[in-house]
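Here's the structure, in structure tokens; my notes come after.
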Amino acid sequence: MAKCLLLTGASRGIGHATVRKFSEEGWRVITCSRNAFDKNCPWPGGEENHIQIDLSDPADTINAVEIIRDRLDGRLDGLVNNAGISPKGADGARLNAIDTDLMVWGSVFHVNFFAPIALARGLKDELVAAQGAVVNVTSIAGSRVHPFAGAAYATSKAALTALTREMAHDFGPLGVRVNAIAPGEIETAILSPGTDKIVEQLPLRRIGQTTEVADVIYFLCSQQSSYVNGTEIEINGGQHV
């Protein structure tokens, strides 16, 4: 039986690369995003394994758990909580802690923080049955003020890091490992102006590729990391040092 992965935020960037990696490794991948399946996504069985869900809506997220469960064969080998939103102000301005509307804070936390625990809790039995793994996608912005990432995004990612630790403690006795990855500057379709200035200061002096992030996610879901639990792997070319 092929292993099964559930991935949120699959339609672009890191999520897109992750689906391709797991598909190439023979996994069945169930994707979740707020958009309908994009027929241009180049992996087999994509449309029938896609679930449209608004993770900013708590009720929609909880209801989707039952839909996802119906797609599973009682087992879930991997859950990757990759979906995240980072709203900007006018002309792409950073949203700071003083001016960001509280409704925006709520929306960001629902997607970036509450959805991961809602999905993991809702699919606990399937994760336990497979002795599976959870990977939460945090960010370098969770540990420092970033020139582009807003306050709501940064604090939601910091909270997700703490949640990863708590989940590792609580899910570990059940045989389910929970870890996180914290990407830095990764080349995606939409890069903030000024990213090149950050890259010039990185120890590796280059931007990261989505495939490099997907490889680490795969490692954390594979038996190669069978004794890795409760950690956060920095994927940033040394930006954190």
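The values are calculated or read from the model by the stated rules, or taken from the named source; none is laboratory data. Remember, it's a predicted structure, so these values are computed and weren't measured experimentally. For neighbour counting, all protein chains shown are included, and Cβ atoms are generated from backbone atoms with ideal geometry for every residue, glycine included. Note: areas computed on protein heavy atoms with side chains; ligands, DNA, RNA excluded. Shrake-Rupley method; radii C 1.70, N 1.55, O 1.52, S 1.80 Å.
Hey, does the range 101-109 have a residue that's in contact with a Pro (Cβ under 8 Å, 6 or more places away or on another chain), at pLDDT 95 or above, within 24 Å of residue 10 (Cβ to Cβ) and not charged (D, E, K, R)? No, there is no match, as no residue in the range 101-109 is in contact with a Pro (Cβ under 8 Å, 6 or more places away or on another chain), at pLDDT 95 or above, within 24 Å of residue 10 (Cβ to Cβ) and not charged (D, E, K, R).
Evaluating residue 155 against the criteria (1) modelled with pLDDT under 90; (2) surrounded by 15 or more Cβ atoms within 10 Å (Cβ to Cβ) leaves one unmet condition, (1). Scanning the range 107-138 for residues that are among the small types (Gly, Ala, Ser) and under 18 Å from the mean Cα position of the chain (by Cα) gives 107, 115, 118, 120, 122, 132, 133. Here the condition is being part of a loop (DSSP other than H, G, I, E, B) and either free of Cβ contacts under 8 Å to residues at least 60 places away in the same chain or closer than 30 Å to residue 128 by Cα (or both); of 237, 172, it holds for 237 alone. All but one of (1) touching a residue at least 40 places away in the same chain (Cβ under 8 Å); (2) open to solvent by 30 Å² or more (accessible area, probe 1.4 Å); (3) over 24 Å from residue 215 (Cα atoms); (4) not basic (Lys, Arg) hold for residue 122; state the number of the condition that does not hold. Single failed check for residue 122: (2).
Determine whether the range 146-167 contains at least one residue that is polar (S, T, N, Q) and assigned to a loop (DSSP other than H, G, I, E, B). No, every residue in the range 146-167 fails to be polar (S, T, N, Q) and assigned to a loop (DSSP other than H, G, I, E, B).
Could you say whether any residue in the range 163-174 is under 30 Å from residue 75 (Cβ atoms), in contact with a Phe, Trp or Tyr (Cβ under 8 Å, 6 or more places away or on another chain), modelled with pLDDT of 95 or more and open to solvent by less than 20 Å² (accessible area, probe 1.4 Å)?
Here is the first cut: in the range 163-174, the residues under 30 Å from residue 75 (Cβ atoms) are 163-174.
Filter once more, so that each one left must be in contact with a Phe, Trp or Tyr (Cβ under 8 Å, 6 or more places away or on another chain): 163.
This time we only want the ones that are modelled with pLDDT of 95 or more, so: 163.
So of that shortlist, the ones also open to solvent by less than 20 Å² (accessible area, probe 1.4 Å) come out as none.
Taking every residue of the range 163-174 in turn, none turns out to be under 30 Å from residue 75 (Cβ atoms), in contact with a Phe, Trp or Tyr (Cβ under 8 Å, 6 or more places away or on another chain), modelled with pLDDT of 95 or more and open to solvent by less than 20 Å² (accessible area, probe 1.4 Å).
I'd like the residue in the range 42-82 that is of a type in the set (Val, Ile, Thr) and within 14 Å of residue 115 (Cα to Cα) and, out of all such residues, is most open to solvent (accessible area, probe 1.4 Å).
Here is the first cut: in the range 42-82, the residues of a type in the set (Val, Ile, Thr) are 51, 53, 61-62, 65, 67-68, 80.
In the following step, the residues that additionally are within 14 Å of residue 115 (Cα to Cα) were identified as 53, 61-62, 65, 68, 80.
Details: 53: 6, 61: 4, 62: 106, 65: 9, 68: 1, 80: 0 Å².
Ranking the candidates gives 62 first.
Within the range 127-142, does at least one residue satisfy the condition of being open to solvent by 30 Å² or more (accessible area, probe 1.4 Å), touching a helix residue (DSSP H, G or I) at 6+ places or on another chain (Cβ under 8 Å) and either modelled with pLDDT under 95 or of a type outside the set (A, V, I, L, M, F, W, C) (or both)?
Of the residues in the range 127-142, the ones open to solvent by 30 Å² or more (accessible area, probe 1.4 Å) are 128-129, 131.
Narrowing the set further to residues that are touching a helix residue (DSSP H, G or I) at 6+ places or on another chain (Cβ under 8 Å) leaves 128.
Next cut, either modelled with pLDDT under 95 or of a type outside the set (A, V, I, L, M, F, W, C) (or both) only: none.
Scanning the range 127-142, I find no residue that is open to solvent by 30 Å² or more (accessible area, probe 1.4 Å), touching a helix residue (DSSP H, G or I) at 6+ places or on another chain (Cβ under 8 Å) and either modelled with pLDDT under 95 or of a type outside the set (A, V, I, L, M, F, W, C) (or both), so the answer is no.
Could you tell me whether residue 186 is touching a residue at least 60 places away in the same chain (Cβ under 8 Å) and of a type in the set (Val, Ile, Thr)? Spelling it out, residue 186 is indeed touching a residue at least 60 places away in the same chain (Cβ under 8 Å) and of a type in the set (Val, Ile, Thr).
Counting just the residues of the range 188-234 that are in contact with a Lys or Arg (Cβ under 9 Å, 6 or more places away or on another chain), open to solvent by 70 Å² or more (accessible area, probe 1.4 Å) and not in a loop (DSSP other than H, G, I, E, B), which one comes out farthest from residue 94 (Cα to Cα)? This residue is 215.
For residue 94, the conditions (1) under 29 Å from residue 201 (Cα atoms); (2) open to solvent by 50 Å² or more (accessible area, probe 1.4 Å); (3) in a helix (DSSP H, G or I) are fulfilled apart from (3). Does the range 101-109 contain at least one residue that is free of Cβ contacts under 8 Å to residues at least 60 places away in the same chain, of a type in the set (Ser, Thr, Tyr) and in a helix (DSSP H, G or I)? Yes; the residues of the range 101-109 include at least one that is free of Cβ contacts under 8 Å to residues at least 60 places away in the same chain, of a type in the set (Ser, Thr, Tyr) and in a helix (DSSP H, G or I).
Would you call residue 23 assigned to a loop (DSSP other than H, G, I, E, B) and open to solvent by less than 80 Å² (accessible area, probe 1.4 Å)?
Numbers: assigned to a loop (DSSP other than H, G, I, E, B): no; open to solvent by less than 80 Å² (accessible area, probe 1.4 Å): yes.
Here the answer is no, as residue 23 does not meet what is asked.
When the range 198-224 is filtered for residues that are under 18 Å from the mean Cα position of the chain (by Cα) and under 18 Å from residue 171 (Cα atoms), the ones remaining, listed by number, are 220, 221, 222.
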